[in-house]
Protein chains: 2
Amino acid sequence: MPTLSMYEASIPTFIHTLTSLKAILQKGIASAEARKFDPNVLAASRLYPDMLPLTRQVLIASDAAKGAAARLAGIEPPKIEDTETTLAELVTRVEKTLDFIKSVKREQLDGSEEREIVLKTPRGDLKFTGLLFLRHWALPNFFFHVTTTYNLLRHAGVDIGKLDYLGGTLQG
Amino acid sequence: MPTLSMYEASIPTFIHTLTSLKAILQKGIASAEARKFDPNVLAASRLYPDMLPLTRQVLIASDAAKGAAARLAGIEPPKIEDTETTLAELVTRVEKTLDFIKSVKREQLDGSEEREIVLKTPRGDLKFTGLLFLRHWALPNFFFHVTTTYNLLRHAGVDIGKLDYLGGTLQG
């Protein structure tokens, strides 16, 4: 029975929801094929002209997850070139992200609630403890971009529902 | 310096993001007024005909937060009738939710990672430990409905950005 730790509060969440994200993207591909249009129309779709397209939503969700796992573990996140333009490539990107996150060890995150995390932004450095970074940056950001990907596909008529987002194995 | 606990992994997240949700809804009201249309057009808006309207997105976000806080604390969540139909009423709903969540004490959540949580659903009971409930149900559900509210307003041209969602006081 797992008890609370920085590992338990972060890594399984990313694994669980990235697995849902992969399944949701695959349903997008299947839906486009069934309705006989190019699935990459979905990849370029936006909810508003100056919002980021679906492609970027997935890349940012991936970066939020691997960046958080790496920062909390005190290691460098793997560099993945942002070259994905198709839904199929985005599925592979999510798989690569999952591979990295699954490689992070429980003990690498021990004590990370108090580790200093510095985010470089165009508006200057943001400094957090690991706990505040996870709670107010990494998790909200990650869920935001996964949900927006879901909303883009749902808005385009892809037959997905809340359980696709929450994940089939709710207990796990 | 707070360290990780079930309280720290849940209550401040709900307070932080409900505060953002309130501000986002208020920007929706201001935007409708500036553009001279009834803000309640936004309250009834949907991203797809069979998706829930904005009103329900906010009510579910409220229920997810107060239900999680109450269940983890082992107390009954306050009953709030779901009668809200206007954006202004939704702002009040979020305020009431915040009042309850702020009333939950740190010690009420002690040990809740192993508390059994039973959710009654139309498809049968779902049983979780407190940790799995928070991680795989309460937080993803909560962020989903706040983000969808954001996306509905953004899709309608309300001038909000990611920092409105992440919250102005990122460090806190």
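What follows draws every value from the coordinates through simple rules; no lab data is involved. Since we're looking at a predicted model, the values are computed, not measured. No Cβ is skipped: glycine too gets one built from the backbone with ideal geometry, and neighbour counts run over all protein chains shown.
Sort the stretch B:1-61 into rounded, prolate or oblate with this rule: let a ≥ b ≥ c be the square roots of the eigenvalues of the Cα gyration tensor; rounded if a/c is under 1.5, and if a/c is not under 1.5, prolate when a/b is larger than b/c, oblate otherwise. Let's see the in-between values first.
On the way: a/c = 5.01, a/b = 1.95, b/c = 2.58.
Taking the square roots of the gyration eigenvalues as a ≥ b ≥ c, the stretch B:1-61 is oblate.
For chain A, take the longest principal axis of its alpha carbons; what is the angle in degrees between that and the long axis of helix A:139-155, to the nearest 10 within 0 to 90?
The angle comes out at about 10 degrees.
Provide a whole-number value for the mean count of partner chain Cβ atoms within 10 Å of the Cβ atoms in peptide A:45-56. Please report the intermediate quantities before stating the final value.
Numbers: counts 0, 1, 7, 7, 1, 3, 5, 1, 0, 0, 0, 0.
Across the residues of A:45-56, the mean count of other-chain Cβ atoms within 10 Å is 2.
With just the Cα atoms defining each centre, how far is the stretch B:48-67 from the stretch A:120-172? Give it in Å.
17 Å
Among A:7-13, A:29-35, what's the highest-first ranking by average C-beta atoms within 10 angstrom per residue?
Numbers: A:7-13: 22.4, A:29-35: 14.7.
Per-residue mean Cβ counts within 10 Å order the peptides as A:7-13, A:29-35.
Given 0.36 nm per residue, what is the gain on full extension from residue A:105 to residue A:163 after removing their alpha carbon distance, in nm?
Details: separation 58, 0.36 × 58 = 20.88 nm, distance 2.85 nm.
Taking 0.36 nm per residue and subtracting the Cα distance, the gain is 18.0 nm.
Angle, helix B:87-103 long axis vs. longest principal axis of chain B, Cα atoms, 0 to 90°, nearest 10?
Long axis of B:87-103 versus the principal axis of chain B: about 20 degrees.
What net charge do the residues around residue B:23 carry, taking every other residue with its C-beta under 12 Å from that of residue B:23, with Lys and Arg at +1 and Asp and Glu at -1? If you can, show how the numbers build up before the last one.
Numbers: positive: B:22, B:27; negative: B:95, B:164.
After counting each charged neighbour, the total is 0.
Could you tell me which of rounded, prolate or oblate describes the stretch B:89-172, using a ≥ b ≥ c as the square roots of the eigenvalues of the alpha-carbon gyration tensor, with rounded for a/c under 1.5 and, failing that, prolate when a/b is larger than b/c and oblate otherwise?
Values: a/c = 2.14, a/b = 1.57, b/c = 1.36.
Prolate, because a/c is 1.5 or more and a/b exceeds b/c.
Net charge around residue A:62, counting only other residues with Cβ within less than 13 Å of its Cβ (Lys, Arg = +1; Asp, Glu = -1)? Mind dumping the intermediate values first?
On the way: positive: A:22, A:56, A:66, A:79, A:93, A:96; negative: A:63, A:81, A:82, A:84, A:89, A:95, A:99.
Here the count lands on -1.
For the protein assembly as shown, what does the alpha-carbon gyration tensor say about shape, rounded, prolate or oblate, given a ≥ b ≥ c as the root eigenvalues, a/c under 1.5 as rounded, and a/b over b/c as prolate? Before the final figure, lay out each step's value.
Numbers: a/c = 1.36, a/b = 1.04, b/c = 1.30.
Rounded, since a/c falls under 1.5.
Could you name the lysines in cross-link range of residue A:96, using Cα to Cα under 22 Å and dropping any fewer than eight places away on the same chain?
Partners within reach: A:22, A:27, A:66, A:79, A:105.
Could you grab the relative contact order for chain A? Cα pairs under 8 Å, six or more apart, rounded to a whole percent. Intermediate results must be reported in sequence, preceding the final value.
Numbers: 201 pairs, mean separation 58.8, N = 172.
With pairs under 8 Å counted, the relative contact order is 34 percent.
DSSP loop (so not H, G, I, E, B), at most 16 other Cβ within 10 Å: list which trypsin sites (Lys or Arg not before Pro) in the stretch B:106-142 pass both filters. Please list the in-between numbers first.
On the way: sites: B:106, B:115, B:120, B:123, B:127, B:135; in loops: B:115, B:123.
Answer in residue order: B:123.
Could you tell me how many degrees, from 0 to 90 and to the nearest 10, lie between the Cα long axis of helix B:54-73 and the main elongation axis, the longest principal axis, of the Cα atoms of chain B?
That helix lies at roughly 20 degrees to the long axis.
So, counting K/R as plus one and D/E as minus one, what does the shell of residues with Cβ under 13 Å around residue B:150 add up to?
On the way: positive: B:22, B:27, B:154, B:162; negative: B:159, B:164.
Summing Lys and Arg as +1 and Asp and Glu as -1 gives +2.
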